[in-house]
Amino acid sequence: MTEQRDRLLRGLPAVHVMMDDERIQRASAGANPAIVRDVIRECLDAARARILSDSLDQQPALVEQIIHQLDLLLGSRPTSVINGTGVIVQTNLGRAPVSASAAQEMAKAAASYVALETDLESGQRGGRGHEVEALLRALTGAERALVVNNNAAAVMLVLASLSAGRGVIVSRGEAVEIGGGFRVPDVLRQSGARLVEVGTTNRTYARDYSEAIDDDTAAILRVHASNFEIIGFTARPELDDLVALCRERNVLLIEDVGSGCLLDTRPFGLAHEPTLGESIRAGVDIVCASGDKLLGGPQAGIILGRAAVVDQVARHPLARALRADKTCLAGLAATLRHYIRDEATDEIPVWWAISRTPEWLERRARRWSQALGDCAEVVRTDAVVGGGSLPGKLLPSFGIAISAGSLNVQQLAQRLRIGDQPVVPRVVDERLIIDARTVLADQEEALIDALRAALTI
Ligand SMILES: *Cc1c(COP(=O)(O)O)cnc(C)c1O
């Protein structure tokens, strides 16, 4: 054992030998030599540590390790990924891709000076995000809008500015966790508000809220359960009833609708998803939502509502800490314009994917299978909206099941993920599937090339 260890340790190359390695030289062309040396040293240290621990077998190849690290630093890996999972708002793949024009506007805003806080006509200082506010007002009827970093920030800021030190009433069925660290009770406590839970997990009535309101109550918080569904023996008050109750008792109604939906989902065969406009029209004081879920824009937190209330939120010191940057505001404005022009299903990738018909998807999958020959077979699949909206609602779809004689499903999936154009497939019943619904309109050729490369045809 010790002998083998010594031999392995002695076998580790010197740093300068690795510096001269032809493959490493190619991978590090143009890079600062001091940084390349550090990378090599770090990889050698890691290799040494692995030898000294017990894992003597399974040594990853040193040169590959170094090249992998260099690729990471030099940006030689592609950033775009083809989503074959059938999950439209795929959180692990960056949620909503923005439209071509939103991407363009974001790039332009990033690389240029922009009239962010200047009114060009008067030359005076103007408010940040006036344009986005005008768009959101036109689309939802809200009196005022404020954009922050993401929806978690929006909810935190709203609670901190409107209810710190006071009680906020939440149904037990809505004191939920929305993935990765967003737990309603924790956010509420962190904002300085006091959580008052009412009702039960499956049934909460307007009278439960009513009985809990006292002099110390700042607001009722209604949260869209987003990523799960309670079915069967359930009850939840209508939004109108909560609005009436809050008005009568003089407390605020705050709603976290999650997905930021602006269109009716029902014509696409989906269940109803609450829209921002519905909440505003119902009379909710403040509505919070994400920019990069069903809205289909960049990461953002959208706060809409009554002017006096949104102004109070905007004045809180946290508003500055959580504010959106110029690229976000530019991308969000370009995204919202697609709704103003009634072209969301053509231009916004999330809505383009939702609105494809099964017949269209079947034809698409058939084209792919013809291009790939025996390795690909057209299959019926189920896609989902994802991103914490419309849980459990399936969108009938089509895709291709691919197979490579010698490789098992896991090996082939990995080969697709690490190719020059990474493809993330879905594995169902030991079959590897590329769902036609989530491959973007302009990715078809790249997908076929990537599949051919992985299948070596
Ligand atoms: C997704 C979601 C959040 C978190 O939004 P981020 O934009 O990811 O910060 C909060 N509340 C609800 C109801 C959600 O669906």
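Across all directions of projection, what mean area in square nanometres is found for the Cα convex hull of the range 398-457?
Reported value for the Cα convex hull: 3.9 nm².
Restricting to DSSP H runs of at least four residues, report the calculated mean residue ellipticity at 222 nm for the chain, -39500 (n - 2.57) per run over all residues, nearest 500 deg cm²/dmol.
Numbers: 20 runs with 198 residues, N = 457.
After summing the helix terms and dividing by residue count, I get -12500 deg cm²/dmol.
Residue farthest toward the positive end of the dipole of the chain, with Cβ of Lys/Arg at +1 and Asp/Glu at -1: which of 112, 339, 154?
112
So for the range 243-340, averaging the separation of alpha carbon pairs under 8 Å that are six or more residues apart and normalising by length, what relative contact order in percent results? Don't jump to the answer; show the numbers that get you there.
Numbers: 122 pairs, mean separation 22.2, N = 98.
The normalised contact order for the range 243-340 reaches 23 percent.
With unit charges on the beta carbons (Lys and Arg positive, Asp and Glu negative) and the dipole taken about the Cα centre of the range 181-238, which residue among 196, 221, 232 sits farthest to the positive side?
232
Against the longest principal axis of the chain, how steep is helix 239-249, in degrees 0 to 90 to the nearest 10, with axes from Cα atoms?
So the inclination is approximately 50 degrees.
How much area per residue is accessible in the chain when the probe is 1.4 Å and only protein heavy atoms are counted (Å²)?
So the chain comes to 49 Å² accessible per residue, rounded to a whole number.
Could you work out the per residue convex hull volume over the alpha carbons of the range 318-434, in cubic angstrom?
Details: hull volume 21.3 nm³, N = 117.
Expressed per residue, the convex hull around the Cα atoms of the range 318-434 is 182 Å³.
Go through the range 372-380 residue by residue and turn each phi into a ³J(HN,Hα) via Karplus (6.51, -1.76, 1.60, θ = phi - 60°); whole Hz please, and just put x for glycine and proline.
Rounded to whole hertz, the list is 9, x, 5, 6, 10, 10, 6, 9, 7.
Rg/Rh for the range 110-251 to two decimals, with Rh computed the Kirkwood way over all alpha-carbon pairs. Intermediate values should be presented prior to the final figure.
Details: Rg = 18.6 Å, Rh = 17.4 Å.
That ratio equals 1.06.
With every protein chain present, what accessible area does residue 375 have (1.4 Å probe, heavy atoms only), rounded to the nearest 10 Å²?
For residue 375, the solvent-accessible surface is approximately 30 Å².
Under a Cβ-only charge scheme (Lys and Arg +1, Asp and Glu -1), can you give me the dipole magnitude of the chain about the Cα centre, in debye to the nearest 20? Intermediate results must be reported in sequence, preceding the final value.
Values: 50 positive and 59 negative charges, 76 e Å.
Once rounded to the nearest 20, the dipole reads 360 debye.
What order do 340, 231, 169 take when sorted by accessible area (1.4 Å probe), most exposed first? Intermediate values should be presented prior to the final figure.
Numbers: 340 85, 231 135, 169 0 Å².
In descending accessible area the options line up as 231, 340, 169.
Rounded to the nearest 10 Å², what accessible area does residue 81 have for a 1.4 Å probe in the complete protein model?
About 60 Å², rounded to the nearest 10.
With all protein chains present, calculate the accessible area of residue 316 using a 1.4 Å probe and round the result to the nearest 10 Å².
Only protein atoms counted, so the area is about 50 Å².
Where does the chain land on the Kirkwood hydrodynamic radius, alpha-carbon pairs, in angstrom? Spell out each step's value before the answer.
On the way: mean 1/r = 0.0397 Å⁻¹.
When all Cα pairs of the chain are included, the Kirkwood radius is 25.2 Å.
The values are calculated or read from the model by the stated rules, or taken from the named source; none is laboratory data. All values reported here derive from a predicted model rather than from experimental measurement. For neighbour counting, all protein chains shown are included, and Cβ atoms are generated from backbone atoms with ideal geometry for every residue, glycine included. Just the protein is used for accessible areas: all its heavy atoms, side chains included, with ligands, DNA and RNA removed. Shrake-Rupley method; radii C 1.70, N 1.55, O 1.52, S 1.80 Å.
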